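First comes the structure, then the notes that go with it.
The values are calculated or read from the model by the stated rules, or taken from the named source; none is laboratory data. Everything numeric in this text was worked out from a predicted model, so none of it was measured. Cβ atoms come from the backbone with ideal geometry, glycine included; neighbour counts cover every protein chain shown.
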Amino acid sequence: MINDTNNTFLSICILTFNRAEKLNNLLINIREQIKDFDNKNKIEILIGDNCSTDNTGDIVNNNRIYFDGIKFNYHKHSTNTGADRNTDFLYRNACGKYVWFVADNVILKDDAISIVYNLLLKHKPSCMLFSFIQENPFTFTPEKPTFDINEPVELFTNYEQVIRAIIKWPKISRYIIEKESLNEQDDLILNNYLNTGYYFLTIMLYIFLKSEKHSLLIHREPLAMAYKDCYNLRYSPRVFGTPLKLAASLPYIINNYSYIINDIRTDYDDAVLYYLILDKWGKLKLDKSVKEEEYKWAYSNLKKLLIKKSTFPWAILFILLNSPFKRILPWIIFRKLYPVVRIILSYLKCDK
């Protein structure tokens, strides 16, 4: 792929794999937002397809005609390279001054693209984040934004505030990063973080530290939301502990801000129980192989989970839902208790 900037300002980089229908909805969502946008010729749509086996290619070709006058590029990898290498490919091949990663299973809010474009143009930050709607099980809503800041938009330059914001709630579709040329020395460092599951977080931290501006723009109101069925996990819940490990392992951060990592909860044993419980309740769906692996882990570590204060209530629920007691206690009780339990578990999860 030829990286020809042609004054492109914003590259919307879509990561996709076997979600043709959702990708189609996203492309319709995007084209409706930019069809009357004054600066649409400065926007690029770049799709990285991780070797989908469904009709993703047909969906892309059917939508291409609706992006007349807009840079629209599609690349299908010959093999499934993994999300991180797809992310790296998109960042390096994007034409824009800014790169906005967007997953194929999200919906952009009305005018999200124009809001992002104009804010980037006005403030020229190193990177940008915005609140994201993801109701169950994380309960981020318009009334409870991811970033509860004082103003609608705030520009942060304090390193501690920026690092905390970047690593606290990693969700790829709200990461917008200034495009920087990467040299061999950069590659030697960044290549260590491929195949971790959170390369987008690493590269944002890295670009922030590399940038001369050292600034992060945060938009308080949500600009994107997850599908209700986005909780079909293809990976272990323990991956949610990875962002903190990545942040800690960046040399600059571990040498200067290791206390931030200690402040943010690093024990994700409870996350495994949390997701197994939600899977049992039908509030999300774990991949079969992942579920089998995590059930084995939970049963083999049950004693430790019952002793630990942070995992005790979850371990009790896990036992009840996976024991003969569930046949004695009416299933409806659990269904009725779910809203209360969700609030309690969400509180424990978010405030540790």
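Within segment 97-105, can one find any residue that is in contact (Cβ under 8 Å) with a residue 24 or more places away in the chain, crowded, with 16+ Cβ neighbours inside 10 Å, over 25 Å from ARG220 (Cα atoms) and not hydrophobic (A, V, I, L, M, F, W, C)? Scanning segment 97-105 turns up no residue that is in contact (Cβ under 8 Å) with a residue 24 or more places away in the chain, crowded, with 16+ Cβ neighbours inside 10 Å, over 25 Å from ARG220 (Cα atoms) and not hydrophobic (A, V, I, L, M, F, W, C).
Residue count for segment 166-221, restricted to those that are buried (at least 18 other Cβ atoms within 10 Å of the Cβ), in a loop (DSSP other than H, G, I, E, B) and out of contact with any Pro (no Cβ under 8 Å at 6 or more places or on another chain): 5.
Looking only at segment 264-271, decide whether some residue is at pLDDT 75 or above and hydrophobic (A, V, I, L, M, F, W, C). No, because not a single residue in segment 264-271 is at pLDDT 75 or above and hydrophobic (A, V, I, L, M, F, W, C). Within segment 50-96, the only residue that satisfies the criterion of being on the phi > 0 side of the Ramachandran plot and either without any contact (Cβ under 8 Å) to a residue 12 or more places away in the chain or touching a Ser or Thr at 6+ places or on another chain (Cβ under 7 Å) (or both) is CYS51. Scanning segment 145-169 for residues that are in contact with a Phe, Trp or Tyr (Cβ under 8 Å, 6 or more places away or on another chain) and over 16 Å from ILE207 (Cα atoms) yields a total of 3. Is segment 113-133 home to any residue that is farther than 15 Å from HIS219 by Cα, in contact (Cβ under 8 Å) with a residue 40 or more places away in the chain, of a type outside the set (Asp, Glu) and surrounded by 15 or more Cβ atoms within 10 Å (Cβ to Cβ)? No, there is no match, as no residue in segment 113-133 is farther than 15 Å from HIS219 by Cα, in contact (Cβ under 8 Å) with a residue 40 or more places away in the chain, of a type outside the set (Asp, Glu) and surrounded by 15 or more Cβ atoms within 10 Å (Cβ to Cβ). If the requirement is being among the hydroxyl-bearing types (Ser, Thr, Tyr), in the same structural domain as PRO125 (by TED's automatic domain parsing) and more than 18 Å from the chain's Cα centre (by Cα), which of these qualifies: SER173, SER215? From the options SER173, SER215, the qualifying one is SER215. Using the structure shown, decide if VAL162 is at pLDDT below 95, under 21 Å from LEU27 (Cα atoms) and crowded, with 21+ Cβ neighbours inside 10 Å. For VAL162, the condition - at pLDDT below 95, under 21 Å from LEU27 (Cα atoms) and crowded, with 21+ Cβ neighbours inside 10 Å - is not met.
For segment 286-301, the set of residues classified as surrounded by 14 or more Cβ atoms within 10 Å (Cβ to Cβ) and within 20 Å of SER323 (Cα to Cα) consists of LEU286, LYS291, GLU293, GLU294, TYR295, TRP297, ALA298, ASN301, listed by residue number.
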